[in-house]
Amino acid sequence: MKIRVPYTFKLLIPILGWAILCSAFAYVLIITIVNFKSPAAERSFLIMAPIYTMLFSFLAILRYGGPKFLAEENIRLINKNVTFKGIIPGLSTEEIKDTFNALIFISKTSAINVLASGLSVMVLVILTEWINSSSNQELFIIFCGGLMALFFSCAFAAFFCQQFMSPVIKECRRMLIEREDRPDQTKFFGIGNKFYFLFLLPLFTVLTVLISVYPISLNVAIICFISLSMTFIIDRVLFVYLSNSLKELEAFAVDLPMVEERAIFITGSMDKEIVNLSRSLNEASEKMHDSRSELEKSQKEMANRVNELEKFFELTVNREVKMVELKKQLKKEKEDVQEDNA
């Protein structure tokens with residue numbers, strides 16, 4: 001009998017693997033930089049940090065791919081109705097809608113779950129080191145190393161989860177639209193929110209370099225702060241530009257059905273993808289306008305045809321009705337004449 005691997009377990013494996021890799025990176029970085037003054041603190045970090053990491057990794061495996069009673073309702077629902085090939089056939093509209101909402105919820109909360117697990121590991125490691133008399137400097141470097149691993153793990157979880165679930169979410173939307181249902185009642189995060197991830201990437205990269213050259217001189221810190229500020233400004237300008245381009249597309253799509261004349265999308269973008277998209281939209285708008293013109297022409301022809309049929313009715317059907325009435329009247333008069341003669 002073939003064992004069916006839960007859908008969320010297949011989602012978890014790359015995220016968990018990446019999180020362990022990030023933890024290993026922070027682990028090696030901390031060991032390389034920190035010179036533990038206390039042998040007990042060094043020994044506890046070398047042993048307990050991997051144990052805490054593997055413990056929470058095992059808990060994640062149990063939650064996403066273990067027994068059903070350990071998983072939350074959304075995970076159970078997804079594993080019941082979704083396989084690696086897509087949605088299970090034969091589901092009702094309500095089941096598809098519930099599965100869709102569960103997929104959106106897990107996609108939104110994946111980074112939060114990684115954050116909660118990572119923070120738990122960080123707190124336990126720092127608490128263990130504090131009990132074993134680690135210095136404030138050692139605790140600070142451990143905190144910074146854990147923070148870097150936590151950020152890279154959360155960023156990967158957020159983006160990978162959306163990419164992994166995209167085909168199934170698309171299939172759910174298609175099935176609900178075909179059944180004349182509206183799937184997108186939930187609130188989504190805008191692309192602009194991903195700007196902060198883009199900015200935090202160089203921030204944590206610089207933090208890694210600064211920890212590697214600890215202690216840090218004031219001049220190096222000032223230069224790093226200025227470079228990060230410049231990166232923040234450039235990133236913000238880039239996201240505002242992309243956001244405005246998408247808003248132009250959205251406004252055109254909203255106005256397109258309401259414009260009587262042929263709508264033309266004009267963009268100031270110099271990006272190949274946006275320009276090609278504007279050309280495709282204008283071609284679609286032109287075809288829509290031609291179809292609308294043909295429809296109006298057909299409606300006018302239909303109206304003329306109806307008028308002609310009404311005239312024909314007046315000339316033929318009404319005439320026949322009058323002839324029938326006239327024949328009845330003649331028949332009645334004949335009967336009256338026959339009665340008089342008798």
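Every number in this text was worked out from the coordinates using simple rules, so none of it is lab data. Quick caveat: nothing in here was measured; it's all calculated off a predicted structure. Glycine also receives a Cβ, built like all others from the backbone with ideal geometry; neighbour counts cover every protein chain displayed.
The table below lists the values:
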| quantity | calculated |
| --- | --- |
| FRET efficiency, Arg179 to Thr231 (Cβ-Cβ, R0 45 Å, nearest 0.05) | 0.45 |
| Label-point gap, in nm, between Arg305 and Glu286 - each point 7 angstrom along Cα→Cβ | 3.0 nm |
| R0 of 25 Å, Cβ-Cβ distance Val275-Ala251: FRET efficiency to nearest 0.05 | 0.90 |
| Placed amide H near Thr83: partners under 5 Å, 5+ positions off or other chain | Ile88 |
| Proxy reagent accessibility, fewest Cβ within 10 Å first, across Phe239, Phe312, Phe45 | Phe312, Phe239, Phe45 |
